[in-house]
Structures are given as C-alpha cells and as structure tokens.
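Trainee: Take this structure, written in structure tokens, and hold onto it; I'll ask about it next.
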Amino acid sequence: MTEEQSRRKRDAGQSDCLSFTISIWRQQGLNDKGQMVSYPLKRVRPEMSFLEMLDVLNGELERKGEELPISFDSDCREGICGMCGLVINGVAHGPGHGTTTCQLYMRSFADGSTITIEPWRAAAFPVIKDLVVDRSAFDRIIQAGGYASINSGSAPDANSMLISQELASEAFDAAACIGCGACVASCKNASAMLFVSAKVKHLNILPQGQPERHKRTVAMVEAMQQEGFGNCTNEYECEAVCPKEIAVEHISFLNREYLKAKVAGK
Amino acid sequence: MPSKLFSSPIGKKMGMALTGLILYGFLIGHLLGNLLLLKGDGGQAFNAYAEFLINHPLLIPAELFLVVVFLLHVYLAISVTRENRRARPVGYQATQSVGGRNFASYTMIYSGIIVLVFLVLHLKTFKYGDKAEGTLYDLVSATFQQTGYLVWYVIAMLVLGVHLWHAFQSAFQTLSVRSDKIRSLGLILCLILALGFGFLPVYLGILK
C-alpha cells in the first residue's frame, strides 16, 4: 500500500490496518512432537516489521492468558546479528531479497492472507521451543577452524602487510556472513556448504589466514560432516535466501581448497 | 592422499561429478554411433560399426571401466541421498523455490533409478539379446516394432534428458567451473541426447 493510498483511506475514515491468519509452529520443548496452530490477527499496520507483528500476536496471547506466548529468536532487529530466522510461507527469511526476517515488513503480505511460519528444519538445528532452534552446530564448526592465530603481543607496524583493495573486497564479501542458518534452512538437503565456504574463504584468501589454511579447510569440512548437515546438490536455494547475498561461487572455492588441502596431505 | 577425501561431503560430490561426466561422454559417443541407424542402407553401416566394436581388443577393458564408473556413480548417489534425508528428518508444511531448484534438480534420485532400470533392460534386450536369427540391426528394428517397448524407451530417454539437464551444470559447479555458457551448453547437450536417443526408435518403429 502506497503512502498516498494510506492517506486517502485515513481521510475517508477507513483503517489501513491489515488482517492475517497466522499459521505457526508450536512446540513445547525439545522432545515435544509439535504442531501447526492458526491464530487470526487484526490491526496489523503495514509498516510493522515481521517481528513486531509477532510481538503484537504475543501481546494478544498474553492478554487472553490461555496459551504461552510464541518463542522466537531476535536480537539486533537491524539485520546484522543473525539471530532471527523464520521460514515464512516456505521461504527462509520470507519474501524479501537480501534481508533478514527482522527487515521484512508486513506490507509485503496481501491483506487477509494466511502466513505460514516455521522454524529452520535440520537435524543439526534441533527445535528447542516453537520457532527457536539450537544453532550451536555452527559455533562448533567455527571452533574447528574459523579463526586465524595471530600473535597479539605487540601492535604490528602499520602497512606491514599489504592487501589489495580487490582482495579485501572479496574477503569482505565472504565475511559478510552473519551465520543465521538460512542457507541450511532453504537447502533441501540441509547442507551448510554456503556457510562453511564463506567462513573458509574470508580467512583463506587473506595473508593472515595462510599458516592455517589447509588445516582450517579440512577441520571445518569435517566438523560440518560430524554435525550431520547434508550434501550440496547445487540447487542454489541458499544463495537466493542469504540475507548477505553470499554467492555459491564460494562453494566452488571451498571445493578447490578442500582438494588442495587433501593433495597437500592434510 | 588421506583416505577421508572419498568419504567427505566434498569428495563424494567430486566423485559424483567426475563419474557423471565420464558417463556423459559415453552417451555422446553412443549417440554418434547410433546415428548410423538413420543411414537407410538396411543397417549395413550400423552392423559394420557394431562388428568393429565387438572385435576391438579394448572393448572389454572399456566396458569394465564403464561398469566401475557407473556402479561408483550409483553408490555415491545412494550414499549422498541417504545422508541428505537424515539431515532433514522433519520437513516443512509450506515449501517454495526461490533459487535454482527445478523439477530436474529435486528428482535426480528418481530419474536416476529409472535410468538404472532402463540400462539393465537395454543391455538385456540388445547387448545380450538373441541375435541368432539376424544382425543387431534386425534385432533393433524388430524390437521397436513393439509399441509398448517403443513408448517405454522414448519415455526413459526423456527422463534421461531431465537427469542430464541438472547433471551437467551441477558437475561443473562442483568442479569449480561455473558460467552461463556451461548452463547453456548443458541445456543444448541434454536436448540433443534426449531427443536424439528418443527419435531413433520412433524412426525405426514408425517412420521407416
């Protein structure tokens, strides 16, 4: 709805609020079977973010007092922390492009429609409660090799390590990954290749990452396998939903790096 | 080279890609040979070509190589698919594709199974078929007179085309080559192979 349309509606004494049927995954705990539950929701303003809409729904549930509010993850609510993540109408982070769930606005949905909200689905991301999943598998992959060991004893001389603008940009493109897990959620195989490839690349192409290059690649791929993520079958759904638009070229890079590391005997 | 390469997700994918591309190469060679069926000389050229292959000293090693490559491809496909199923035990209520997922990409295992069944029947019918009463060309011509076999053959070739459509660009992506040219080439090749293999039985069974 455009601003002009909203103003006209207000002038005519009509509300420009939207109504939805929210079909949402409810699960009491780790071992609960869980089910989809529908809630009617009125008075949703088009400029509300998706998470604000859930806040409103939770407010209503609390007022009624019949059910516990819906649990969902969020932190910064400005698209940089990687905490929020919901599968909305079958798409990780919903219909926006290059955005997280918190950057999605209710004007993106047709008035009166049903919105289906589900948690990330992967064996490696168990559902803890409602829409909250345990993503510590990603932390363990990072612990396996997503770091560079740098002597922090004294401040290094400025410009002692020259890095071209092109290389810095390329590394930054990969480093933009916020680890939200949308790549895993959108992949039909729950593969974490896009995440791992981004983390491997941003360290492996910079001089600081060289000493641990091969060790890092192998350790992170092995950790990914141990966590039970699936295999990449090149459907590129991950790239399409990634809020940081991490490209699948990074996966090609990871494949090469892994082969090089194995040839080097790591 | 450490052994874990071949049990790792990336090693398996590279194995799938390499074995797949070898089989792709075989299909191109096979179609080129089969085009001799269109020559209209009563099968003389085709039979001569078949004789040449049968008497070639490298035939047995080549066949063994292809069998190993094919079995490896099937083994990796089953292994990868089982792992992928385990990786998502609970699916979504609503699903939608926003990336590159298409009919070919999410049915690879099923199209693969159909091609596997086809291959077994195909070898049984032609390679190990009864050629006591005539040449290979006679056997091929007679087989495609059977409508049921002809229909199944053409359908199987279309399924093969669908399998190859996703396979080609996917194999190159895994092997680190990704470009629009590869995608276009993959589409053209899969159309040539599917329509080429699909047309031959129609020509021999109906048009001729």
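The values are calculated or read from the model by the stated rules, or taken from the named source; none is laboratory data. Since we're looking at a predicted model, the values are computed, not measured. Here Cβ is always computed from backbone atoms with ideal geometry, including for glycine, and neighbour counts include all displayed protein chains.
Trainee: Any idea which residue in region A:92-123 is farthest from residue A:22 (Cα to Cα), counting only those that are at the interface with chain B (Cβ under 9 Å from one of its Cβ atoms) and among the charged types (D, E, K, R)?
Mentor: Checked region A:92-123; the qualifying residue farthest from residue A:22 (Cα to Cα) is A:121.
Trainee: Would region B:86-101 turn up any residue that is within 14 Å of another protein chain (Cβ to nearest Cβ), in a loop (DSSP other than H, G, I, E, B), modelled with pLDDT of 95 or more and surrounded by 18 or more Cβ atoms within 10 Å (Cβ to Cβ)?
Mentor: yes
Trainee: Please find, among B:36, B:31, B:23, the residue that is free of Cβ contacts under 8 Å to residues at least 40 places away in the same chain, surrounded by 13 or more Cβ atoms within 10 Å (Cβ to Cβ), touching a Phe, Trp or Tyr at 6+ places or on another chain (Cβ under 9 Å) and not small (Gly, Ala, Ser).
Mentor: B:36
Trainee: I'd like to verify a number: residues in region A:241-264 that are free of Cβ contacts under 8 Å to residues at least 60 places away in the same chain and not basic (Lys, Arg), how many? Reasoning before the result, please.
Mentor: From region A:241-264, those free of Cβ contacts under 8 Å to residues at least 60 places away in the same chain are A:248-249, A:251-253, A:255-264; that's our starting set.
After this cut, where a residue has to be not basic (Lys, Arg) as well, the list is A:248-249, A:251-253, A:255, A:257-259, A:261, A:263-264.
Here the count works out to 12.
Trainee: Is it the case, given these coordinates, that residue B:118 is away from chain A (no Cβ under 14 Å), modelled with pLDDT under 95 and part of a helix (DSSP H, G or I)?
Mentor: no
Trainee: Determine, yes or no, whether residue B:121 is surrounded by fewer than 19 Cβ atoms within 10 Å (Cβ to Cβ) and without any contact (Cβ under 8 Å) to a residue 60 or more places away in the chain.
Mentor: Yes; evaluated as a whole, the condition is true for this residue.
Trainee: Hey, residue B:78 hits all of (1) closer than 26 Å to residue B:171 by Cβ; (2) away from every other protein chain (no Cβ under 14 Å); (3) surrounded by fewer than 14 Cβ atoms within 10 Å (Cβ to Cβ); (4) not charged (D, E, K, R) but one; which does it fall short on?
Mentor: Going through (1) closer than 26 Å to residue B:171 by Cβ; (2) away from every other protein chain (no Cβ under 14 Å); (3) surrounded by fewer than 14 Cβ atoms within 10 Å (Cβ to Cβ); (4) not charged (D, E, K, R) one by one, residue B:78 breaks only (2).
Trainee: Against the conditions (1) touching a strand residue (DSSP E or B) at 6+ places or on another chain (Cβ under 8 Å); (2) farther than 15 Å from residue A:25 by Cβ, where does residue A:89 fall short? Just the number, please.
Mentor: Residue A:89 satisfies all of (1) touching a strand residue (DSSP E or B) at 6+ places or on another chain (Cβ under 8 Å); (2) farther than 15 Å from residue A:25 by Cβ except (2).
Trainee: Also: Residues in region A:153-164: is at least one outside any loop (DSSP other than H, G, I, E, B) and modelled with pLDDT of 95 or more?
Mentor: No, there is no match, as no residue in region A:153-164 is outside any loop (DSSP other than H, G, I, E, B) and modelled with pLDDT of 95 or more.
Trainee: What is the one condition in (1) facing another protein chain (nearest Cβ under 7 Å); (2) in a helix (DSSP H, G or I) that residue A:196 does not satisfy?
Mentor: It is condition (1) that residue A:196 fails.
Trainee: Return yes or no: is residue A:174 under 28 Å from residue B:105 (Cα atoms), among the small types (Gly, Ala, Ser) and either more than 9 Å from chain B (Cβ to nearest Cβ) or assigned to a loop (DSSP other than H, G, I, E, B) (or both)?
Mentor: Numbers: under 28 Å from residue B:105 (Cα atoms): yes; among the small types (Gly, Ala, Ser): yes; either more than 9 Å from chain B (Cβ to nearest Cβ) or assigned to a loop (DSSP other than H, G, I, E, B) (or both): yes.
Answer is yes for this residue.
Trainee: Consider residue B:179 against the criteria (1) farther than 24 Å from residue B:66 by Cα; (2) surrounded by 14 or more Cβ atoms within 10 Å (Cβ to Cβ); (3) polar (S, T, N, Q): it satisfies all of them except one. Which criterion is unmet?
Mentor: Only one criterion is unmet by residue B:179, namely (2).
Trainee: Would you say residue A:219 is over 23 Å from residue B:177 (Cα atoms) and either more than 11 Å from chain B (Cβ to nearest Cβ) or in contact with a Leu (Cβ under 9 Å, 6 or more places away or on another chain) (or both)?
Mentor: Taking the combined requirement at face value, the residue satisfies it.
Trainee: Can residue B:69 be described as more than 14 Å from chain A (Cβ to nearest Cβ), under 26 Å from residue B:178 (Cβ atoms) and part of a helix (DSSP H, G or I)?
Mentor: When the stated conditions are applied, residue B:69 passes them.
Trainee: Test of understanding: among B:132, B:142, which residue is outside any helix (DSSP H, G or I), away from chain A (no Cβ under 14 Å), without any contact (Cβ under 8 Å) to a residue 24 or more places away in the chain and not acidic (Asp, Glu)?
Mentor: B:132
Trainee: Still on this structure, please answer the following. Can you pull out the residues in region B:166-204 that are under 17 Å from residue B:16 (Cα atoms), in a helix (DSSP H, G or I), in contact (Cβ under 8 Å) with a residue 40 or more places away in the chain and out of contact with any Gly (no Cβ under 7 Å at 6 or more places or on another chain)? Spell out the reasoning first.
Mentor: From region B:166-204, those under 17 Å from residue B:16 (Cα atoms) are B:166-178, B:186; that's our starting set.
Cutting the leftovers down to in a helix (DSSP H, G or I) gives us B:166-174, B:186.
Remaining after also requiring in contact (Cβ under 8 Å) with a residue 40 or more places away in the chain: B:166-168, B:170-172, B:174.
Hits for region B:166-204 are B:166, B:170, B:172, B:174.
Trainee: Residues to consider are A:112, A:59; find the one that is modelled with pLDDT of 95 or more, surrounded by fewer than 17 Cβ atoms within 10 Å (Cβ to Cβ) and in contact with a Ser or Thr (Cβ under 7 Å, 6 or more places away or on another chain).
Mentor: A:112
Trainee: Conditions: (1) free of Cβ contacts under 8 Å to residues at least 60 places away in the same chain; (2) more than 14 Å from chain B (Cβ to nearest Cβ); (3) more than 13 Å from the chain's Cα centre (by Cα). Residue A:89 meets all but one. Number of the miss?
Mentor: With respect to (1) free of Cβ contacts under 8 Å to residues at least 60 places away in the same chain; (2) more than 14 Å from chain B (Cβ to nearest Cβ); (3) more than 13 Å from the chain's Cα centre (by Cα), residue A:89 is out only on (2).
Trainee: So how many residues does region A:101-130 have that are in a strand (DSSP E or B) and within 21 Å of residue A:186 (Cβ to Cβ)? Break it down stepwise before answering.
Mentor: In the first step, residues of region A:101-130 are kept if they are in a strand (DSSP E or B); the result is A:105, A:114-118, A:122, A:125, A:127-129.
Remaining after also requiring within 21 Å of residue A:186 (Cβ to Cβ): A:105, A:114-118, A:122, A:125, A:127-128.
Of the residues in region A:101-130, 10 are in a strand (DSSP E or B) and within 21 Å of residue A:186 (Cβ to Cβ).
Trainee: Of everything in region B:82-97 that's under 13 Å from residue A:119 (Cβ atoms) and small (Gly, Ala, Ser), which residue is farthest from the chain's Cα centre (by Cα)?
Mentor: Top of the filtered list is B:94.
Trainee: Given the residues B:77, B:104, which is the only one that is under 30 Å from residue B:205 (Cα atoms), in a helix (DSSP H, G or I) and among the small types (Gly, Ala, Ser)?
Mentor: Within the list B:77, B:104, the selection yields B:104.
Trainee: Ok, one more. Can you name the residue in region B:1-20 that is crowded, with 16+ Cβ neighbours inside 10 Å and among the polar types (S, T, N, Q) and, of all such residues, is nearest to the other protein chains (Cβ to nearest Cβ)?
Mentor: My answer is B:8.
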